[in-house]
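First up is the structure itself, then whatever we jot down about it.
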């Protein structure tokens, strides 16, 4: 909605002001500014844009999506002996909550070759296997990682201690009720966790076991379950209805196979 209003403001007379209660994703603002829009952010996080100002064409390199990279980061963290480098990932500060959460849990993730393209900060991410510990995740960090909570939950199943995720009630109205879906399917793999009205409580350190699981037609849940299956101590994991992965990550299974993983997905 914010992006639509700001883009409409480019063609409106005078100044358009979009108010936001807290900082949220600002990819549109950065791109508009790079194209020459008269745009700014006020101290109260309101965004203003002036109309009737010509824009200038740009050559744009679109950074890799950190939400997609998160699945590979967790896979490398959980699988012993792993060491991978993911190039050209966007590290917009409104999206890097997953990095902060995983590093707080003890993940070995390093940012390399930091730079900027099209107004967006970019880096190469190196991830190596590491032992994780339970943490509390909530508050202002949640808007920065709301889409990555399913894969963070998978990481939490391997962490020593308890991971508590709060303030994430928005997950109840995503592609599915992701709180219930994550809990239901991870339990099939042997995870020990409880749901909360606004999140999850995950008691980690119990090895997962392969099982047949369902994606609930949710692309992020399907990929999270595939990574959970890779990290399972024994048995094969079959992710049903995995064709939904193509919504955001076509070639996901092939990429994992190229990294040496054995992953099996079903279209129905």
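The values are calculated or read from the model by the stated rules, or taken from the named source; none is laboratory data. Note that the coordinates shown come from a computational prediction; the quantities given were computed from them, not determined experimentally. All Cβ positions, glycine included, derive from the backbone under ideal geometry; neighbour counts span all protein chains shown.
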Residue within the range 48-63 that is closer than 30 Å to residue 229 by Cβ and touching a strand residue (DSSP E or B) at 6+ places or on another chain (Cβ under 7 Å) present: yes
Hey, can you tell me all the residues within the range 138-154 that are buried (at least 24 other Cβ atoms within 10 Å of the Cβ) and either in contact with a strand residue (DSSP E or B) (Cβ under 8 Å, 6 or more places away or on another chain) or on the phi > 0 side of the Ramachandran plot (or both)? 145, 149, 152, 153
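Any residue at all in the range 209-222 that's part of a strand (DSSP E or B) and within 28 Å of residue 138 (Cα to Cα)?
Of all residues in the range 209-222, those part of a strand (DSSP E or B) come to 209, 212-214.
Adding the requirement that they be within 28 Å of residue 138 (Cα to Cα) leaves 213-214.
Yes - at least one qualifying residue is present in the range 209-222.
Determine whether residue 111 is more than 12 Å from the chain's Cα centre (by Cα), free of Cβ contacts under 8 Å to residues at least 40 places away in the same chain and closer than 30 Å to residue 45 by Cβ. Spell out the reasoning first.
On the way: more than 12 Å from the chain's Cα centre (by Cα): yes; free of Cβ contacts under 8 Å to residues at least 40 places away in the same chain: yes; closer than 30 Å to residue 45 by Cβ: yes.
Yes.
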Going by the structure shown, is residue 205 surrounded by fewer than 20 Cβ atoms within 10 Å (Cβ to Cβ), in the same structural domain as residue 130 (by TED's automatic domain parsing), modelled with pLDDT under 95 and assigned to a helix (DSSP H, G or I)? no
Selection within the range 223-243 - buried (at least 19 other Cβ atoms within 10 Å of the Cβ) and part of a helix (DSSP H, G or I): 223, 224, 225, 226, 227, 228, 229, 230, 231, 242
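Is it true that residue 123 is in the same structural domain as residue 199 (by TED's automatic domain parsing), surrounded by 15 or more Cβ atoms within 10 Å (Cβ to Cβ), in contact with a helix residue (DSSP H, G or I) (Cβ under 6 Å, 6 or more places away or on another chain) and at pLDDT 95 or above? It would help to see each step written out before you state the result.
Values: in the same structural domain as residue 199 (by TED's automatic domain parsing): yes; surrounded by 15 or more Cβ atoms within 10 Å (Cβ to Cβ): yes; in contact with a helix residue (DSSP H, G or I) (Cβ under 6 Å, 6 or more places away or on another chain): no; at pLDDT 95 or above: yes.
No; evaluated as a whole, the condition is false for this residue.
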Of the conditions (1) in contact (Cβ under 8 Å) with a residue 60 or more places away in the chain; (2) under 17 Å from the mean Cα position of the chain (by Cα); (3) in a strand (DSSP E or B), residue 121 satisfies every one except a single condition; which number is it? (1)
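Can you tell me which residue among 231, 242 is within 20 Å of residue 257 (Cβ to Cβ), in the same structural domain as residue 97 (by TED's automatic domain parsing) and touching a strand residue (DSSP E or B) at 6+ places or on another chain (Cβ under 7 Å)? Let's see the steps before the verdict.
Values: 231 fails: touching a strand residue (DSSP E or B) at 6+ places or on another chain (Cβ under 7 Å).
Going through 231, 242 in turn, the sole match is 242.
Okay, residues lined up against (1) in a loop (DSSP other than H, G, I, E, B); (2) at pLDDT 95 or above; (3) under 26 Å from residue 233 (Cβ atoms); (4) not assigned by TED's automatic domain parsing to the domain that holds residue 161:
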{"residue": "40", "(1), (2), (3), (4)": "no, no, no, yes"}
{"residue": "85", "(1), (2), (3), (4)": "no, yes, no, no"}
{"residue": "88", "(1), (2), (3), (4)": "no, yes, no, no"}
{"residue": "109", "(1), (2), (3), (4)": "no, yes, yes, no"}
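Can you tell me how many residues in the range 13-38 are free of Cβ contacts under 8 Å to residues at least 40 places away in the same chain and either assigned to a loop (DSSP other than H, G, I, E, B) or exposed (fewer than 14 other Cβ atoms within 10 Å of the Cβ) (or both)? Walk me through how you get there before you give the answer.
Kept after step one, since they are free of Cβ contacts under 8 Å to residues at least 40 places away in the same chain, are these residues of the range 13-38: 13-21, 28-29, 32, 35-38.
Cutting the leftovers down to either assigned to a loop (DSSP other than H, G, I, E, B) or exposed (fewer than 14 other Cβ atoms within 10 Å of the Cβ) (or both) gives us 13-15, 17, 19-21, 35-38.
Adding up the residues that qualify gives 11.
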Name the pairs: first residue in the range 181-202 and under 19 Å from residue 141 (Cβ atoms), second residue part of a strand (DSSP E or B), Cβ to Cβ under 6 Å, at least 6 apart or on different chains? 199/165; 200/165; 200/193; 201/164; 201/194; 202/163; 202/193
Working only within the range 226-268, note down all residues that are over 15 Å from residue 72 (Cβ atoms) and either in contact with a helix residue (DSSP H, G or I) (Cβ under 6 Å, 6 or more places away or on another chain) or modelled with pLDDT under 90 (or both). 237, 239, 242, 244, 247, 262, 264, 265, 266, 267, 268
Among what's in the range 173-202 and is within 15 Å of residue 145 (Cα to Cα) and under 17 Å from the mean Cα position of the chain (by Cα), pick the residue that is modelled with the lowest pLDDT. 174
